[in-house]
Amino acid sequence: MDLEKLLTDRLAPAFAAVAGRPVDPVVRRSQHADFQSDAALALARQLGRPPRAIAEEVRERAELADLCASVEVSGPGFLNLTVADRALGALVAALAADPRLGVPVVAGPETVVVDYSGPNVAKEMHVGHLRSTVIGDAAARLLEWLGHRVLRANHLGDWGTPFGMLIEHLVDLGETGAARELSMGDLDAFYKAAREKFDADAAFRDRSRLRVVALQGGDPATLRLWRLLVTQSESYFLTVYELLDVTLSDADFRGESSYHDLLAPTVDELDRLGLLRRSDGADCVFPPGSVRRDGEPLPLIVRKSDGGYGYPATDLAALRHRTATLGATRLLYVVGLPQRRHFEMVFAAGAQAGWLAPPARAEHVGFGSILGPDGRMLRSRAGGSVKLVGLLNEAVERATALARERNPELGDAEAAEVGRAVGIGAIKYADLAGDRRKDYVLDWERMLSLDGNTAPYLQYAYSRIRSIFRRAGAAARPDADVAPVEPAERALAFELVGFPAVVDAVAGSLEFHQLAGYLHRVAVAFSAFYERCPVLRADGPVRKSRLALCDLTARVLEQGLYLLGIRTPERL
């Protein structure tokens with residue numbers, strides 16, 4: 001159990017008895033003891049009593065003898081709490097004995113839809129897709145590990161007017177030639193060529209427009225050609241996901257086309273509910289609270305004046321399907337912050353329609369941008385978007401070179417494996433280690449550093465522990481008594497027992513920098529422990545206790561990094 005919560009639970013009845021009502025003990029870590037409670041100071045003003053007197057009475061009433069070695073009143077009325085070595089050791093041992101490291105499977109699992117990645121058919125994935133894919137995958141991994149039913153939804157852009165020109169360009173190339181070109185992964189060139197023909201050739205434009213009509217009308221020949229485009233693009237996307245080491249599969253593709261037949265029924269239901277209004281020839285919903293800068297109501301256009309459906313209609317149809325048909329009660333949309341207003345309006349309209357009623361709720365998991373060293377949006381040398389495959393390959397190449405330099409004994413296969421784990425891990429960790437709402441700068445030197453708050457630093461801590469056990473020639477005993485006595489041992493133990501609380505908090509907030517920061521604190525505490533507390537040179541019970549601490553540290557790092565989508569090589 002989380003020590004902070006355990007101490008809070010023990011102090012709360014004592015404070016309630018003194019105050020005559022429930023009081024938050026306000027327990028936190030302290031430089032003067034292991035933990036500190038500040039609640040007596042605020043309570044003094046309300047009760048008209050000296051805070052030290054209140055703290056003294058709470059100390060006398062609280063049942064802490066089995067948990068704390070000392071409870072002292074200090075300063076104006078702080079309660080300083082020092083946890084007993086035996087109690088701390090028991091908590092560590094309980095965590096070590098639990099295959100889930102103290103994190104229970106949720107008692108009431110939910111069906112959660114995580115909408116993330118969302119590339120466009122016939123377009124290459126670029127650096128702009130990285131954050132949605134990495135953050136969304138971390139959310140899916142975490143919630144699935146906790147026992148929720150997680151449905152990954154890769155909302156592909158696979159429908160709409162551009163597909164008229166793309167299909168006509170495919171016809172011009174011939175199916176075999178187009179398939180060959182698309183299978184090479186250069187989707188941008190295919191799209192660009194189609195666009196240039198559309199802009200320059202009036203006959204091609206006319207053919208493209210007719211092809212859109214045929215596509216939307218369900219013409220079998222056109223649908224077959226469209227499916228060829230989609231299939232080739234999906235194959236390319238899967239190679240990127242494999243390189244990025246995310247859990248998306250071909251079963252998770254949910255193109256806009258999959259909601260096509262739901263658009264008309266969705267809009268019809270909005271009309272029956274009295275939520276549809278005509279505005280400038282279009283059918284709109286006006287969600288409450290959505291206004292323009294001039295104060296006028298801001299419409300969500302669900303059916304355009306030409307009868308076509310836009311993104312709001314698709315998003316509302318998807319929301320309706322996810323709650324009514326899939327039974328989802330938590331909907332996560334991992335999309336950049338510029339789409340915040342759009343999703344606020346979609347969620348508000350969904351609530352108006354009754355599709356998003358408690359316990360169902362939707363969350364926009366927004367994020368900032370990736371910047372270059374100049375502090376501007378990351379661009380290629382030619383000024384275009386940076387291709388994601390190129391970025392990932394560069395990360396792996398840099399990390400592989402570092403691995404060979406650091407450990408020349410690695411064979412080619414192992415160096416490649418380590419390089420991939422470290423390079424991809426560095427990319428992911430740089431994305432997840434900061435507040436996702438903020439932009440961050442892509443800095444290779446910092447990301448791949450073995451010092452600081454980086455994935456390689458954490459991976460190195462893990463590999464160092466594995467080397468201890470290789471030298472020990474034995475695994476840690478799961479039933480070993482853990483007796484953290486030295487300051488560095490205690491500091492590491494305190495960090496380790498905090499794992500369940502961090503996981504619980506991040507599952508609610510999806511603030512993955514909290515998990516990353518926690519893992520970094522664990523690695524820092526382990527480094528200090530490793531330097532100050534000999535493990536293999538220790539004797540008897542001390543050696544077994546320290547091996548148990550090492551093993552638990554490795555397990556926490558491995559599980560925590562897995563939840564972030566990062567591998568832990570045995571050697572680095």
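The values are calculated or read from the model by the stated rules, or taken from the named source; none is laboratory data. These numbers were taken from a predicted model, which means no experiment stands behind them. Note that each Cβ is placed from the backbone with ideal geometry, even for glycine, and that neighbours are counted across all protein chains shown. Ligands, DNA and RNA are excluded from the accessible area calculation, which covers all protein heavy atoms including side chains. Shrake-Rupley method; radii C 1.70, N 1.55, O 1.52, S 1.80 Å.
Assorted remarks:
- Given their separation in residues at 0.36 nm each and the Cα-Cα distance between them, D9 and A221 gain 69.5 nm when the chain is fully extended.
- All-pairs Cα distance distribution in the chain, expressed in whole percent, bin size 10 Å: 3, 14, 20, 22, 18, 12, 7, 3, 0, 0
- Once both labels are positioned 7 Å from their Cα atoms along Cα-to-Cβ, the gap between V105 and R277 label points is 5.0 nm.
- The Cβ shell under 14 Å around T247 holds other residues with a net charge of -2, Lys and Arg each +1, Asp and Glu each -1.
- For the stretch 38-100: Kirkwood Rh in Å [reciprocal of mean 1/r, alpha carbons]: 13.2 Å
- When the stretch 293-391 is reduced to its Cα atoms, the Kirkwood hydrodynamic radius in Å: 16.1 Å
- Approximate shape of the stretch 475-537 as ellipsoid semi-axes (Cα gyration tensor, √5λ), whole Å, largest first: 26, 14, 9
- Evaluated at q = 0.24, 0.26 Å⁻¹: base-10 log I(q)/I(0), Debye formula over Cα of the stretch 230-300: -1.05, -1.18
- Calculated on alpha-carbon atoms, Rg and Dmax of the stretch 159-224 in Å: 11.4, 31
- Counting only protein heavy atoms and a probe of 1.4 Å, the accessible surface of the chain is 51% carbon and sulfur.
- When the alpha-carbon atoms of the stretch 133-269 are used, the pair Rg, Dmax equals 17.4, 56 angstrom.
- Per residue Cα convex hull volume in Å³ - calculated over the stretch 427-552: 112 Å³
- The gain in end-to-end length when the E445 to R470 segment is fully stretched comes to 5.9 nm, 0.36 nm per residue minus the alpha carbon separation.
- Relative packing of peptides 112-124, 247-259, 511-523 - highest average C-beta neighbours within 10 Å first: 112-124, 511-523, 247-259
- Taking 7 Å steps out from each Cα toward its Cβ at A324 and D172 produces label points 4.2 nm apart.
- Loop-located GluC sites (Glu not before Pro) in the stretch 375-455 whose Cβ has at most 12 other Cβ within 10 Å (DSSP): E409
- DSSP bridge analysis restricted to the chain gives an antiparallel fraction near 55%, rounded to the nearest 5.
- Label-zone membership for the stretch 354-381, site R341, 7 angstrom Cα→C-beta point, backbone N under 19 Å: 364-369
- A 1.4 Å probe run over the chain, with the rest of the protein chains in place, finds 45 Å² accessible per residue.
- T82-E409 pseudo-label distance in nm [points 7 Å out on the Cα-to-Cβ vector]: 4.4 nm
- Mean shadow area of the stretch 246-339 over all directions, Cα convex hull, nm²: 8.1 nm²
- The Rg/Rh ratio for the stretch 5-66 is 0.94, where Rg is the radius of gyration of the alpha carbons and Rh is the Kirkwood radius.
- Value of [θ]222 nm, deg cm²/dmol, for the chain, DSSP H segments ≥ 4, -39500 (n - 2.57) each, nearest 500: -17500 deg cm²/dmol
- Mean Cβ neighbour count within 10 Å, used as a protection proxy, ranking 75-85, 303-313 highest first: 75-85, 303-313
- Linear extension gain, S527 paired with E56, 0.36 nm per residue minus alpha-carbon span: 165.7 nm
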